[in-house]
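Engineer: There's a structure below that I have some questions on.
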Amino acid sequence: MQEQSTSFGMRLRQIRKSMGMTQREFAEILGTSKQVISRYEIGKRIPKVTIVKEFSLRLGVSIADIIGESE
């Protein structure tokens with residue numbers, strides 16, 4: 001179960017790095033701050049479902065991909 005609680009942050013970091021972006025650049029695309037992205041990536045914060053949906057739309061990835069549940 002612990003893996004699920006950290007999978008969002010790990011996936012977010014993987015997506016950001018695959019795009020070759022800094023946390024600040026990534027935050028600008030997602031409409032948030034670098035600090036929020038950092039907290040998500042290290043697992044100190046978990047977003048609401050509505051935020052995950054918005055992130056997936058802005059990044060052009062599925063919600064399953066962003067939360068690490070794609071097959």
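Engineer: Taking the Cα centre of the range 2-64 as the origin and placing charges on Cβ (Lys, Arg +1; Asp, Glu -1), which of Ser7, Ser33, Ser62 is farthest toward the positive end of the dipole?
Structural biologist: Ser33
Engineer: Let me ask something additional. Scan the chain and hand back the longest stretch that contains none of the trypsin sites (Lys or Arg not before Pro) lying in DSSP loops with at most 14 other Cβ atoms within 10 Å.
Structural biologist: 1-43
Engineer: For the chain, what is Rg from Cα atoms divided by 2.2 N^0.38 Å, rounded to two decimals? Spell out each step's value before the answer.
Structural biologist: Details: Rg = 10.9 Å, N = 71, 2.2 N^0.38 = 11.1 Å.
Taking N as the residue count of the chain, the ratio is 0.98.
Engineer: Rounded to the nearest 500 deg cm²/dmol, what is the calculated helix-only ellipticity per residue at 222 nm for the chain, with -39500 (n - 2.57) per DSSP H run of length n ≥ 4? Write down the numbers at each step before the final one.
Structural biologist: Details: 5 runs with 49 residues, N = 71.
Calculated from helices alone, the mean residue ellipticity at 222 nm is -20000 deg cm²/dmol.
Engineer: Turning to a different aspect of this structure: Which whole-Hz ³J(HN,Hα) couplings does the range 23-32 yield from phi under the Karplus relation 6.51 cos²θ - 1.76 cosθ + 1.60, θ = phi - 60°, glycine and proline marked x?
Structural biologist: Ordered by residue, 3J(HN,Hα) equals 4, 5, 4, 4, 4, 4, 5, 8, x, 9 Hz.
Engineer: Collect residues whose amide H, placed 1.01 Å from N in the peptide plane, falls under 5 Å from the amide H of Glu69; neighbours closer than 5 in sequence don't count.
Structural biologist: Excluding prolines and chain starts, which carry no amide H, there are no hits.
Engineer: Take Glu69 and Glu28, extend 7 Å from each Cα along the Cα→Cβ direction, and tell me the distance between the two endpoints in nm.
Structural biologist: According to this spin-label approximation, the distance is 3.3 nm.
Engineer: Sticking with this one: Dipole magnitude of the chain about its Cα centre, charges +1 at Lys/Arg Cβ and -1 at Asp/Glu Cβ only, in debye to the nearest 20?
Structural biologist: Working: 12 positive and 8 negative charges, 71 e Å.
In total the dipole reaches around 340 debye.
Engineer: Please report how many Lys pairs in the chain have alpha carbons closer than 19 angstrom, counting only residues at least 8 apart along the chain or sitting on separate chains. Don't jump to the answer; show the numbers that get you there.
Structural biologist: Values: Lys17/Lys34; Lys34/Lys44; Lys34/Lys48; Lys34/Lys53.
Lysine pairs meeting both conditions in the chain amount to 4.
Engineer: At a Förster radius of 25 Å, what calculated FRET efficiency corresponds to the Cβ-Cβ distance of Leu57 and Met10, to the nearest 0.05? Please report the intermediate quantities before stating the final value.
Structural biologist: Details: r = 21 Å, r/R0 = 0.82.
FRET efficiency, Leu57 to Met10: 0.75.
Any read-out appearing in this document is the output of simple, stated calculations on the displayed coordinates, not a laboratory observation. Since we're looking at a predicted model, the values are computed, not measured. When we count neighbours, we look across all protein chains shown, and the Cβ atoms used for this are built from the backbone with ideal geometry, even at glycine.
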